[in-house]
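All of the numbers you see were taken from the coordinates with simple rules; none came from a lab. Bear in mind that the values here come from a model prediction, so they are computed numbers and not experimental data.
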Amino acid sequence: MAVSTSAAPGLPSFDQRDFRNALGSFATGVTVVTTVDASGRRYAMTVNSFAAVSLSPPLVLWSVSRGSPSAGAFLAATHFAINVLAADQVALSRHFARSSEDKFAAIATLDGVAGLPLIAGAAAVFQCRTEAIHPGGDHEVILGRVERYDHSHREPLVFCRGRYQRGVNVEIAADRDADVAAAWGGLA
């Protein structure tokens, strides 16, 4: 494990590439976050910093780099949508990760709350009202209250260690669990 020495007393200094590689060991889903501004211009970006926060009230969060070209639009938005991409939507992930004048040209969308563009065929969609924004280092953490959601049984797209992946079910069958528990004296 590589950890650099401290730059200031008590504060670790990390090699940023190595730190990013370590963070990449945590598999995440892949989302496209969308919004629309007051003039009707649509914005979108590929994001993997999505997380559930609370069931009651229904809250989620994601973070945007302050240096992102569309950060201002997302920080000023009253609403945003988290589109959880399906396993066959790698091309959409790559498309929305790049800068473009009109990211929605030739992209199938649906209309959501407050005019939000929703990605057609996503595994799940969470339509949110911006609840709060908190500073987080070189990012802003955006907390949203879910106003509507939809989901399907489509396999979600996964990203881990710099690569797109498919989820693999590693659950052990219930009857095997009982056998393992019996073999371990109920400690499994």
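Taking the three principal axes of the alpha carbon atoms in region 17-183, the coordinate ranges are 64, 37, 34 Å, sorted in descending order.
Multiplying the residue separation of residue 108 and residue 75 by 0.36 nm and subtracting their alpha-carbon distance yields 9.4 nm.
Can you tell me how region 109-163 classifies by the Cα gyration tensor, rounded, prolate or oblate, using a/c under 1.5 as the rounded cut?
Working: a/c = 2.32, a/b = 1.12, b/c = 2.08.
Judged from the Cα gyration tensor, region 109-163 comes out oblate (a/c at least 1.5, b/c at or above a/b).
You can think of it this way: the chain between residue 101 and residue 88 has 2.2 nm of extra reach, that is 0.36 nm per residue less the Cα-Cα gap.
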